[in-house]
1. Could you tell me the accessible area of D145 in Å² (1.4 Å probe, neighbours in place), rounded to the nearest ten?
2. Rg/Rh for the range 1-47 to two decimals, with Rh computed the Kirkwood way over all alpha-carbon pairs.
3. Based on the mean of other Cβ atoms within 10 Å per residue, sort peptides 137-144, 37-44 so the most packed one is first.
Amino acid sequence: MHGRSNIRMKFEQAVQEYKNKIFRYISRNVSNREDAEDIFQSVFVSLYKSYDKVDEKTLSAYIYRIAHNRIVDYYKHSSKKKKKEQDIINNSISGDEDMYTERVAENKNDKIRKALMELSERESQAINLQFYEKKSYKEIADIMDSTASAVDSLLIRAKRKLKKIISQEIQTV
């Protein structure tokens with residue numbers, strides 16, 4: 001019984017340490033807040049069920065891997081991809097129209113989100129992990145079940161595509 005309470009205590013510490021990071025990561029990849037919350041909850045339920053098998057040294061990569069897989073499943077098993085696009089468009093329409101600087105920042109973020117949506121899910125997630133989550137190539141490789149050199153190639157392709165998409169966007173404005 002003492003071992004289980006020790007696992008529970010370590011799990012609770014992990015939740016406190018990673019909850020904001022994981023929710024932010026999921027939210028960047030799933031625009032619907034309710035779906036993001038559902039995925040978030042399922043990540044930590046899954047972590048709890050397998051916590052006694054997790055190596056403390058790889059805990060971060062393990063949690064992100066669970067989140068990554070849940071996000072992939074979310075898009076694989078539903079028709080949410082089109083809804084994601086519509087949500088981003090709706091989110092860009094709503095908001096505080098009186099705050100010019102806020103609107104400019106939101107518009108810029110919407111353009112970035114739209115550009116990210118034109119990438120493959122893998123490319124988009126790799127970009128999110130590198131730039132928003134500040135993960136190293138090794139960590140990204142662990143999370144995405146890949147190699148560091150494959151992540152390097154993936155990020156090079158993704159950055160080229162993003163640059164092309166954004167430059168086309170600028171030319172059409």
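1. Taking all protein chains as shown, D145 has close to 120 Å².
2. Radius of gyration relative to Kirkwood radius: 1.10.
3. Ranked by mean Cβ neighbours within 10 Å, highest first: 137-144, 37-44.
The values are calculated or read from the model by the stated rules, or taken from the named source; none is laboratory data. Keep in mind that what you see is a predicted model, and the values were worked out from it rather than measured. Methodologically, a virtual Cβ is constructed for each residue, glycine included, from the backbone with ideal geometry; neighbour enumeration extends over all protein chains shown. For the accessible areas, the whole protein counts, side chains as well, though only heavy atoms, and no ligand, DNA or RNA atoms are used. Shrake-Rupley method; radii C 1.70, N 1.55, O 1.52, S 1.80 Å.
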